[in-house]
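Reviewing the structure listed below.
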Amino acid sequence: MMSFAIDYKEALKELTSDMSNGLRRFELEESEWKLAADITEYLKDGTLFFSCDSPNLQKVIPAMDKIDHYFTTYLKNESLNVAIHAAIISAKSTLNKYYELTDHAEVYRIAMVLDPHYKLRYFQKAGWDDEWIQTSRQLVQEELKRSY
C-alpha cells in the first residue's frame, strides 16, 4: 500500500491539495513523503520474502536473522528519523517474539538441517551454542526414528 502511494505521489499530492474535495487534511509534507519512502525501503526485503506465494519453511529462521541484522544495523544510524527509529524498535520487538516461537516448533530446525543448502553449518556460522546445534541434530534423528 505504501509503495503504491509513493509510486503515485504526484497524483496524490494533486488530489489532496484540491480544497474542493475535502481531502486537504490528508496532504503530506515533503518530509512525510521522505519518511514514507524510507520506511518502505527499510522493510522492503522482509515484506517481499514473507509475501511470496510459497515461502520455504527452512528459510524462515535465516530470513528472520537477516531482518534482525538489518534492523540492528539501521538502529546504529544516528541520522535516522526518530519515527523510523521507533518503528524499527517496535518491529524488532515483534520479530523477536516470533523468533522465540520457533524454539517451540521443531519443524523449523528439522527443515533447515535436512536442507542441503543449510544443514548444521547454518547454525554454526550463525554462532549458535553447541547445545542448540546438538539439539537440532537430535530432533532430526528422533523424527527419523519416529517416522521411518
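The values are calculated or read from the model by the stated rules, or taken from the named source; none is laboratory data. If you're wondering where the values come from, they're calculated on a predicted model, not measured in any experiment. We place every Cβ from the backbone using ideal geometry, glycine too, and count neighbours over all the protein chains shown. Remember, those area values only see protein heavy atoms, side chains included, never the ligands or the DNA or RNA. Shrake-Rupley method; radii C 1.70, N 1.55, O 1.52, S 1.80 Å.
Side notes on the structure shown:
- Under the condition of being free of Cβ contacts under 8 Å to residues at least 12 places away in the same chain and either of a type in the set (Lys, Arg) or more than 14 Å from residue 57 (Cα to Cα) (or both), the residues counted in the range 104-125 number 5.
- Considering the range 25-40, the residues that are at pLDDT 85 or above and touching a Ser or Thr at 6+ places or on another chain (Cβ under 6 Å) include one that is surrounded by the fewest Cβ atoms within 10 Å (Cβ to Cβ), namely 26.
- None of 101, 114, 120 is open to solvent by 60 Å² or more (accessible area, probe 1.4 Å) and within 22 Å of residue 147 (Cβ to Cβ) except 114.
- Sole exception among (1) more than 21 Å from the chain's Cα centre (by Cα); (2) surrounded by 12 or more Cβ atoms within 10 Å (Cβ to Cβ); (3) not aliphatic (A, V, I, L, M) for residue 10, by number: (2)
- Scanning the range 96-130 for residues that are within 16 Å of residue 142 (Cβ to Cβ) and among the hydroxyl-bearing types (Ser, Thr, Tyr) turns up just one, 108.
- Selected residue [β-branched (Val, Ile, Thr), open to solvent by 30 Å² or more (accessible area, probe 1.4 Å) and within 18 Å of the chain's Cα centre (by Cα)] from 89, 84: 89
- Scanning the range 41-67 for residues that are open to solvent by 60 Å² or more (accessible area, probe 1.4 Å), under 11 Å from the mean Cα position of the chain (by Cα) and at pLDDT below 80 returns 43, 44, 45, 47, 48, 50, 51.
- Residue 15 being open to solvent by 50 Å² or more (accessible area, probe 1.4 Å) and among the aliphatic types (A, V, I, L, M): yes
- If the condition is being outside any loop (DSSP other than H, G, I, E, B) and loosely packed, with under 12 Cβ neighbours inside 10 Å, then the range 123-137 contributes 124, 125, 130, 131.
- Residues of the range 65-121 that turn out to be under 28 Å from residue 134 (Cα atoms), outside any helix (DSSP H, G or I) and among the hydrophobic types (A, V, I, L, M, F, W, C), as a count: 2
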